[in-house]
Structure formats: C-alpha cells, structure tokens
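Quick notes on the structure that follows.
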There are 2 protein chains.
Amino acid sequence: MTAASARDDVTAGLARFLAESRWSDIPQPVRHEAKRALLNWLGCALGGCRDQAVERALAALAEFALPRQAALIGRSERLDVLNAALINAMSSNALDYDDTHLRTVIHPSAPVAGALLPFVEHRPVSGERLLHAFILGVEAECRIGNSVSPGHYDHGWHITGTCGVFGAAAAVGKLLGLDAQRMAWALGLAATQASGLVEMLGSMAKTLHAGTAARNGIVAALLAGKNFESSDRGIEAPRGFAHVLGGKPDFSAITGGLGETWEIMQNTYKPYPCGVVLHPVIDGCLELGKHHAPEEIGRVVLKVNPLVLARADRREPRDGPEAKLSVQHCVAVAFVHGAAGVRQFTAACASEPAVAAFRNRVDIEEDAAIARDEAMVTLRMKDGRTFTAQVSHARGSLERPMSDADLEAKFRDLAAAGAPRCNANRLIKAVWSLEKTRDASALARLAVPAKGRIR
Amino acid sequence: MTAASARDDVTAGLARFLAESRWSDIPQPVRHEAKRALLNWLGCALGGCRDQAVERALAALAEFALPRQAALIGRSERLDVLNAALINAMSSNALDYDDTHLRTVIHPSAPVAGALLPFVEHRPVSGERLLHAFILGVEAECRIGNSVSPGHYDHGWHITGTCGVFGAAAAVGKLLGLDAQRMAWALGLAATQASGLVEMLGSMAKTLHAGTAARNGIVAALLAGKNFESSDRGIEAPRGFAHVLGGKPDFSAITGGLGETWEIMQNTYKPYPCGVVLHPVIDGCLELGKHHAPEEIGRVVLKVNPLVLARADRREPRDGPEAKLSVQHCVAVAFVHGAAGVRQFTAACASEPAVAAFRNRVDIEEDAAIARDEAMVTLRMKDGRTFTAQVSHARGSLERPMSDADLEAKFRDLAAAGAPRCNANRLIKAVWSLEKTRDASALARLAVPAKGRIR
C-alpha cells in the first residue's frame, strides 16, 4: 500500500484486516504471547478486585446493572455485560501492575480482555475465538496508539483510555463477526467515544479510563452490529480521532505490515507492582539478598538513572501508593522480605520497623550515563567487604522478558493477595490450555471465589 | 474574584456554586425559561423517539439494560436509568430540532434533561428540585462551553457531547446533594469522559454524542457521590479538559458573574426542523402564503445570505435529510402546505408532485449584505402583481423568540408525528405546572403511549 492510498484508507484498511483475519493466520508465538498477556491480566484483576476504586465504582453502579449476565473477576457479584466489563477492566488496572506496550505506554490488556471476558460469558465462544479476538483488539489499539505517539500522550491524553476503546471495539466486533463496513463503523464509534485525561493520573479516575474504554468499546461494536452508522473515516478524517486528539499522526503505523508484525510481541509484564524505573534496583537487591542477610549489611549504595531520584526519593513512605514510589522502600523489602510483590507495597509493610530501619541504610548516586532499565547496587558489609550487582536490563524488559514460570508466580502472588478463595492453579491451567477450550466462559467462572460460583 | 484566583479555582469555584445554589436564588424568568426549554425538549424527544438511530441503539443495547427503572419517552419499553438516559437524549437530538445555545452551538437540554428524567423516575424528587437541577446543569455546560469557544468546536469537538457531560453530571450531582468537594470530583469525572468528534456529524453517531453525554454525566455524579475521587482541577489543570480539548480557554467565562447571569436565558428554539439559515425564508413565505394561494403564484424570488446557496441549494431533495437542506423545498411546503413542521421534511412530502412542481418556481439571489437570520421574499404573481415580505430577524432568534404558544404548537406537531398515543395537552400542562408538582417523575409517566403506561 502506498503512502497516498494509506492516507485515504486507514479506518477501512484496518477494518478490512480485522474482519478478514483468520485464526490460521496467527503465528504460534503470537498465540502464546496472547496467553501470557491474558494470564498476567487475570492475575492483576484478581489482585486488584478489592481496590477502593473498584469498591466505590461498584457501590455507585450496581443498582443500575442488575441482569446478572457476567462475573466480576475475584468477586461474587454479577452484573450486566457492559458494567461487568467496566469493573473488570478497572480491577485489572488498579494496582498499576498490568502489562505495558512500551512504545505507546498503553496497558493493552485491561480494556480488551476487560471487554471480552464478560462478553463471552453472555455469548459463549471457543477459546480459539477468544484468543483471536484478543490478539486483534491489542493489534488495533496499539497500532492506533503508535500512529499518534508520542504527541498524543504528551498533549494530555491518557492513552490506555483513548486507544483502549478501539481495542475493545475491534475485539468484540470480531466476536460479533462484523464485516469490513460494520467494523469500520465500530472503529468510528470508538473514535467518537475516546476519552481520558492525563490530569487524572494519581486519582481513582485514572483507573476509570480502562473501565470506560472496555464498556464503550463493547457499545461501539454492538451498535455497529445493528447497522448504527458512523463516519467511515473516524480515524483519519480531518475532524476525526487522529487529527483532533493526535497532532501529527503517522498513518503508516496503522496500516503498514498488517498481518506481518504483531504488536502483542512488544508487550511487557512488570515483575514488581511499582514504578518501572525502580525495577533494575530491585533486581540487583534481590540477587544480592540471596547471599547476604540484612543484619550483615552496613550500607546499600545505588548508582541509578537521575529519574529514580526525581520520581522516587522517599525515605518515609506512609502508605502503599507512596511505597510504590520509594526507592528506599524497594531496597528494604528486597533485603528484609526477600520479595517485592503485592504485600510489600501496603501501608502495613511500609510501617514495619525492620523495613523502616533498613530504608535508612540506602545511599543514592545519580548518573545520567545509566539507562532507565539499568542499575548498579553495591553492598558495604559491616565487616568491611563490598559486593556489587550490575543490572544491564531490568527483568520484564523486552531484552529480558518474564518467563512463563515468572508469570505464574506473579499470578499466584496476586491471586493470594486479592482473591484467596479462587483456585489459582486451575486458572493457570485454564489459560495455558485456552486454545483447546470449547467454551471460553469457563475462564470467568473459574475466576470467582468458590462460594460465589454457586449463586 | 480576581483573574489570578479565578485561574486557580475554576472547577472548585463552579462546584461550590452548584453545591450551594438554592431554589430561592433562581429568578422567576429563569424558572420560566427552564420550563420552556423542557417543553421544547420533551416535544423533540416525542418526535424523534422512532428515529432510526434510536431504533438501532435500542436493538443493540436493550438486552444489557433489563431492570425496568425508567421510561423511554414516547415508547413503551423501559430500561435501566443509565441506558434510558442514553436513549432519551438521543431521541431528543435525532431530528436536529432541539434547542441551541447560540454562542457555543451546544444543544443544552438533550444531555441534561436526558439524564434527569430517568433519574427522577428512580429517585423521585419535587418538580422544583428537577427544575433547579436542570437550570444548574445547563449553566455548567454552557459556561464551560463558553470558556473554550469557538476554538474547541473549530478544532473538531462536537460540543454537545464534550460539554453536555458536565451538564448532566452537575444536574444529577445536584439531585444527589453533592457537597462542593464531591461536585468538583463529579466535574472532573465528567471532564475525563468528555468525547464526541465533529467528523460524525451527518451520521447516526452524531446523535450518540448527546446520549453518551447524558449517561456518562450520571455515572460521574454517582461515582462522586460514593467518594470516587478525581482531580480537583479537572477543568483548568495543564492536562485537564480546557487545555487538552480547548486551546486558549477563558476561565472567567466559567466563574465570572455566577448566580448573576444565567445561560439558559440565551437559549433558542427552532420553529422549523431544518437548517437555521433557512428559517427567515420560511418565515417570509408562510407570511405571504396567508394571503396568496400557490396556484396564483408565478415565481418566488429570494434574496438571501450567501450561506443559503452554499448549504441548501437543492432543487430535487430525495429524502427527509436532504429536504432539510433544500431552500426550494422549504419555500414549496410553506406555500403548498402552509406549514414547515416535522411532516414537511419526510421522504413522502419531498416526493409529492405539487411540492416538487413548486420547487421549480423558486429563484435565488445571494447578497452578502443580508444577515444570516434575515431574508427578503418577493412573489411575482401570474397576474403580474408583486408582493414582498422582509424578514429582519427569523422567528426563534434571540431577537424574536418563540412565544409560549409557539412552543406549545411545536410540541403538538412533534407529539402527533412521533408519539400520537401520548396525551400532548396533559404533558404541556404538566410542564407549565412543574414547580407545583411533588413528584416530578409524573412527567416521564405521561410521556409514554397510553398502552405502555399499564405495563
């Protein structure tokens, strides 16, 4: 496709690809990566399902969402499909522990899987079809995100909301079997519902963005499925999404190499539920902590990218959110607990005397020559010896991805913290064997607490 | 309030005003204008309740909206409050016949009344409280609209969607009794859901904007009522609504003179369901038509603003939407039918032989000296005489507003066309006496067809 024709055929070209894609077109590594993303997403939703933002949204909306069509992950309540999508997407995004498409900083799974899981409970499909729709949804949202990045986020758009709605629309549209025309309408209806401001980061409203993207994407697909018409050029028209919210869009990022490259292969998973810039520090500390007990350590000296001090120099964090932005806390829990999981970033852990004491033993040197996913950690032992760990790429980066086993461990940690009455092992198995499942809604049924499943 | 403090206190200042406003603060003319707006809105919703966009949205969403909490205006179905708001707001906007706040081109009532009517069915309040909430909702959306106009619309934002969500949030927030802090959160949650692209005008998606604004505004207010936090500065922050969607906002338009001037007093109502630029032509033709039968007329010569030819030179309209943009059709129905109401802008009327023949007798001269709400209509009679009507300001303009009786006639016309089984006279009475009503939900119950009320 030439550049000129690409400009004229962005929404239609993407819609055609989505409508015509077949499961047999999807390479094996892409299928496997989709399962990794789903496992990570489901774990995050289990871990976040009791977050205050989720509790309050549920308190506000439950009375308007009575038909009990779909499960809330990790909980016993059931809601209609649209509101269940909103709540599940919020749960999965609440802990800031979900996946990241680094080029756009989209959290791809929250809106897409958030929309799909309740939808397939109501209209059952095979695991293959669920995975296929999920892969295409991620493809659509990340490509559209690529086309407007980085200007879009810089201008103030929270991209998981604004692009996530396309992903949810594309994924649900695929399950509905929309043809190219109706898929183009669905994308247009997503475009005109795109919302979410960067100003909201740091408040509960941030999490709402993933939720509304999931719900609005379903609405877009459902409407298009009933011939509710929108512009055919919702993305590229002069008053369409990319120009109005984008600045200088690059449409070749949407239509170039469709079906040849897959954005889900660029997806990353956090090993620790805290700021990404702290991850290489934690890596180094956990490594050294295997061999050195905290009581033998005198000082811990960090050499880090300047962003660490700018964002996370916080010696006395008072609660979970502050602990997630405290490099001293990260060092302390890595040595004192030998872990940096969900339970290490709570108010209770932040106030533990041993952890608080250890935070005072951390010295930090910034060095602009050190990359963001890099760190050097040196221990000065009480007996005078020193040990150093050099981390070139943090765990969870594209260069050093989380293994499947890492993802399983993360899943168990999250499930135990947020939904201890769910059977984590059965869920893990269900995700890995999803391709062979006839009824993908089994996933949702397994993701509620034992007692809730009866109701 | 000084300019400097206004900049820092935009969302909070507006929220405080909304939270603290009392019914006794509302001047009598403002109360009356609110009833005029509601009457016009309700009529438009009755007229539009069978529009294709409404039918298709309902077909797509009804199965997810089962709890029968609220009426759909003019119809027998009932949906949950959120989806009923979406549908009712769409119905009222579908015919392009609803009210217009000229400075912003917001259609103020669709999102605000669309949200309020289903909400008060579920949580009954007095007519006074409904009117008060409606007035405040219109105030919030139009002031926020003023602050970003005209750049916001010019950039590609469909302002009824993007600002309507604030109106719905403010109005429902008032009914919920939100204090200033929670009202500020509601406005922030509205800000971060604001959406709607100008690209969608001309497709069904345009009407969706009013619907999602109504629904999302309710969601914002409900969430804030349960302490779901957002930024306190959702409108004015550097990455908030006004800068991200606005360009060069003027915040004094939001906080200046609050409680002293009322935006609803700037509201206008269309006398004819077609492009505003055609209204003075219709005025002149209807006036002349009272005294001259169509068969005596040789030619009709128009002197009009150039915009008329640019937008509406269409001698052979094929359907309703094209008839609404045909100046020749407007002239023809004014003389042949002596009317230019809902039934004059249908495919059936466009193909009537007498109307089609008359369209060929229209000559048009453009004149840049003629204003947009002005026109000169000259009849050249078959017997050689000429008669001229000069229209300085179209009916429905701020200079020549629709009278209460005009609005009643428009209401009856709309009700007869879209919902003939509703009792128009009882509804008109109910609106005019709304202040004295203990249970405002009576309005919704009267707005459904006789049979539907039983269900």
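Computed from the coordinates by the stated procedures, all read-outs in this text should not be read as laboratory data. Bear in mind that the values here come from a model prediction, so they are computed numbers and not experimental data. Because the Cβ atoms are built from the backbone with ideal geometry, glycine has one as well, and the counts that use them run over all protein chains shown.
Key figures for this structure:
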{"quantity": "Cβ-based charge dipole, region B:287-440, positive-most Cα from B:Gly338, B:Ala371, B:His291", "calculated": "B:Gly338"}
{"quantity": "Exposure proxy order (Cβ contacts within 10 Å, fewest to most) of A:His291, B:His32", "calculated": "A:His291, B:His32"}
{"quantity": "Rg and Dmax [Cα atoms of region A:273-331; Å; Rg one decimal, Dmax integer]", "calculated": "11.5, 30"}
{"quantity": "Average Cα contact separation per residue, chain A, under 8 Å, 6 or more apart, as relative contact order %", "calculated": "21"}
{"quantity": "Gain on full stretching of the segment that runs from A:Lys382 to A:Glu366 - 0.36 nm per residue minus C-alpha separation", "calculated": "3.4 nm"}
{"quantity": "Shielding score for A:150-156, defined as the mean number of other chain Cβ atoms within 10 Å", "calculated": "2"}
{"quantity": "Loop sites in region A:215-312: GluC sites (Glu not before Pro), DSSP, at most 10 other Cβ within 10 Å", "calculated": "A:Glu260"}
{"quantity": "Listed residues B:Val138, B:Pro150, B:Ala94: farthest to the positive end of the dipole of region B:1-155 (Cβ charges)", "calculated": "B:Val138"}
{"quantity": "Charged-residue dipole, Cβ positions (Lys, Arg, Asp, Glu), the protein assembly as shown about Cα centre, Debye nearest 20", "calculated": "2520"}
{"quantity": "Estimated inter-spin distance, A:Ala293 and B:Ser351, nm [label 7 Å along Cα→Cβ]", "calculated": "9.3"}
{"quantity": "Residues A:Ser433, B:Ser92, sorted so that the one with the fewest Cβ neighbours within 10 Å comes first", "calculated": "A:Ser433, B:Ser92"}
{"quantity": "Percent RCO, i.e. relative contact order, over region A:378-446, from Cα pairs under 8 Å lying at least 6 residues apart", "calculated": "16"}
{"quantity": "Inter-centroid distance (Cα atoms) of region A:134-196 relative to region B:380-406, Å", "calculated": "49"}
{"quantity": "Region B:255-297 versus region A:417-442: alpha-carbon centroid distance in Å", "calculated": "63"}
{"quantity": "Relative contact order (%) - criterion: Cα under 8 Å, at least six apart; region: region A:276-391", "calculated": "41"}
{"quantity": "Calculated Rg and Dmax of region B:150-204 using C-alpha coordinates, Å", "calculated": "13.1, 40"}
{"quantity": "Estimated inter-spin distance, B:Ser392 and B:Leu102, nm [label 7 Å along Cα→Cβ]", "calculated": "1.4"}
{"quantity": "Contour excess over end-to-end distance, with Cα ends at A:Asn227 and A:Asp439 and 0.36 nm allotted per residue", "calculated": "73.5 nm"}
{"quantity": "In Å, descending, principal axis extents of the Cα set of the protein assembly as shown", "calculated": "117, 61, 55"}
{"quantity": "Average other protein chain Cβ within 10 Å of Cβ, residues B:218-229", "calculated": "6"}
{"quantity": "Estimated D of region A:266-415 in µm² per second, where Rh is the Kirkwood radius over Cα pairs and Stokes-Einstein applies at 4 °C, 1.567 mPa s", "calculated": "85"}
{"quantity": "Reachable lysines, given that their alpha-carbon falls under 20 Å from the alpha-carbon of A:Lys324 and they are not under 8 places away in the same chain", "calculated": "A:Lys206, A:Lys270, A:Lys303, A:Lys410"}
{"quantity": "Cα shape, chain B, gyration tensor, a/c 1.5 rule", "calculated": "prolate"}
